[in-house]
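The values are calculated or read from the model by the stated rules, or taken from the named source; none is laboratory data. Note that the structure is a prediction, hence the values are computed from the model and not measured. Cβ: placed from backbone, ideal geometry, glycine included. Neighbour counts: every protein chain shown.
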Amino acid sequence: MYHAISTDDFTRSTVERLIRIAEEFRVSPRHILRARLQGTLVATLFYEPSTRTRLSFEAAVARLGGNVVGAENARENSSAKKGERLADVFRVVGAYADAIVIRHHENDEIAAALPYSPVPVINAGAGSGEHPTQSLLDLYTLWREFGRIDGLKVCMVGDLKYGRTVHSLLRLLTRFSGIRVTLVSPAELALPPSLHRELVDAGLELDVADDLDEALASTDVVYQTRIQRERITSELTAEDEEDFAILPRHLPILAPTARILHPLPRVNEIHLEVDGDERAAYFRQVQNGLYIRMALMDEILGGVLR
């Protein structure tokens, strides 16, 4: 059974295969796509708020001909409110659906409950831990924007401590060669030391920078992230946050071929005026998420029908 719980579940060849499938689906006639997962049923369980991830998974399944049942805000509006264990949720929901897509507020609960699921489980974000399918769409975006992933210089900016999208993307970048990453964040939101060591041991080149302007001048990719105020305990002022925001004045600093990515939602960390620049790729990134998740769901659920 093929789960997608962690970036550990994806090799370089898996990522490249999913990118090829996503590219095929992008140009395939809709009536052909709708036949691929016809008759399947996917359950989406979101214990934390979501817009892009939930809707893109549901749209992916629908575009492939499958059906979706779901629970939004499941932390408050399901039996979780009564204390039901996630293992029991998997047993129950797995009796109804062919696969489960879940976002959870705890880092490790999905993995702990996984042995109890009778159907494939896809991690749609777990606490401040991982968000593996976001990293898939991030890599797909890099491939579409640059025609390659190897050899890119990436600048990670913002909340690197709690940003699960950052954690997953950095782990998947270790599958590729010649990647150099510069980390720029408030001191209290730096990358966790244990993850920093893990990435270095895996061969990723990591630098830490204090000067955002200097880091932007020498990068191919800016991966900007939101300060996750719902997870932090320290007080960051608006002025503190602006020190790590992408503003119109930064655009002349960036190389003409550079790209700005953001997993969204965006608050104040990228100025609205930046959106009109061709190097702002974050809304193209959103669209890429639909196709890469279509590819993933086809891979996972294909065995149900074929």
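Can residue 10 be described as under 14 Å from residue 296 (Cα atoms) and in contact (Cβ under 8 Å) with a residue 40 or more places away in the chain?
Working: under 14 Å from residue 296 (Cα atoms): yes; in contact (Cβ under 8 Å) with a residue 40 or more places away in the chain: yes.
Judged against the criteria, residue 10 is a match.
Which residue, of 160, 152, is within 25 Å of residue 210 (Cα to Cα) and out of contact with any Ser or Thr (no Cβ under 8 Å at 6 or more places or on another chain)? Outline the logic, then answer.
Details: 160 fails: out of contact with any Ser or Thr (no Cβ under 8 Å at 6 or more places or on another chain).
Checking each option against the conditions leaves just 152.
Those residues that are in contact with a Pro (Cβ under 9 Å, 6 or more places away or on another chain) and either among the acidic types (Asp, Glu) or under 18 Å from residue 288 (Cβ atoms) (or both), I need them from segment 88-123; list them, please.
Here is the first cut: in segment 88-123, the ones in contact with a Pro (Cβ under 9 Å, 6 or more places away or on another chain) are 90-91, 94-95, 98-100, 103, 122-123.
The answer is 98, 122.
Out of everything in segment 101-127 that is of a type in the set (S, T, N, Q) and surrounded by 20 or more Cβ atoms within 10 Å (Cβ to Cβ), what residue ends up being farthest from residue 3 (Cα to Cα)? Spell out how you get there, then give the answer.
Going residue by residue through segment 101-127, those that are of a type in the set (S, T, N, Q) are 107, 117, 123.
Right, trim to surrounded by 20 or more Cβ atoms within 10 Å (Cβ to Cβ) and you get 117, 123.
Working: 117: 10, 123: 8 Å.
Within segment 101-127, the match that is farthest from residue 3 (Cα to Cα) is 117.
So how many residues does segment 43-55 have that are outside any loop (DSSP other than H, G, I, E, B) and either in contact (Cβ under 8 Å) with a residue 40 or more places away in the chain or outside the structural domain of residue 86 (by TED's automatic domain parsing) (or both)?
Here is the first cut: in segment 43-55, the residues outside any loop (DSSP other than H, G, I, E, B) are 43-46, 52-55.
Now narrow it down to the ones that are either in contact (Cβ under 8 Å) with a residue 40 or more places away in the chain or outside the structural domain of residue 86 (by TED's automatic domain parsing) (or both): 43-46, 52-54.
Total meeting the criteria: 7.
Take segment 14-42 and flag every residue that is surrounded by fewer than 21 Cβ atoms within 10 Å (Cβ to Cβ) and in a strand (DSSP E or B).
41
Exactly one of (1) assigned by TED's automatic domain parsing to the domain that holds residue 19; (2) hydroxyl-bearing (Ser, Thr, Tyr); (3) at pLDDT below 95 is unmet by residue 117. Its number?
(3)
Kindly evaluate residue 65 against the criterion of being at positive phi and either touching a His at 6+ places or on another chain (Cβ under 7 Å) or exposed (fewer than 14 other Cβ atoms within 10 Å of the Cβ) (or both).
Numbers: at positive phi: yes; either touching a His at 6+ places or on another chain (Cβ under 7 Å) or exposed (fewer than 14 other Cβ atoms within 10 Å of the Cβ) (or both): no.
For residue 65, the condition - at positive phi and either touching a His at 6+ places or on another chain (Cβ under 7 Å) or exposed (fewer than 14 other Cβ atoms within 10 Å of the Cβ) (or both) - is not met.
Does segment 151-171 contain at least one residue that is outside the structural domain of residue 51 (by TED's automatic domain parsing), of a type in the set (Ser, Thr, Tyr), in contact (Cβ under 8 Å) with a residue 12 or more places away in the chain and more than 22 Å from residue 20 (Cβ to Cβ)?
First pass over segment 151-171, keeping only residues outside the structural domain of residue 51 (by TED's automatic domain parsing): 151-171.
Of the ones still in play, those that are also of a type in the set (Ser, Thr, Tyr) are 162, 165, 168.
Now narrow it down to the ones that are in contact (Cβ under 8 Å) with a residue 12 or more places away in the chain: 162, 165, 168.
From the residues that got through so far, the ones that are more than 22 Å from residue 20 (Cβ to Cβ) too are 162, 165.
Checked against the condition, which is being outside the structural domain of residue 51 (by TED's automatic domain parsing), of a type in the set (Ser, Thr, Tyr), in contact (Cβ under 8 Å) with a residue 12 or more places away in the chain and more than 22 Å from residue 20 (Cβ to Cβ), segment 151-171 yields at least one hit.
Could we say that residue 254 is in a loop (DSSP other than H, G, I, E, B), modelled with pLDDT of 95 or more and not acidic (Asp, Glu) here? Give the steps one after another, and end with the answer.
Working: in a loop (DSSP other than H, G, I, E, B): yes; modelled with pLDDT of 95 or more: yes; not acidic (Asp, Glu): yes.
Judged against the criteria, residue 254 is a match.
Can you pull out the residues in segment 43-61 that are surrounded by 14 or more Cβ atoms within 10 Å (Cβ to Cβ) and either closer than 21 Å to residue 170 by Cβ or of a type in the set (S, T, N, Q) (or both)?
Residues satisfying the conditions are 44, 50, 52, 53, 56.
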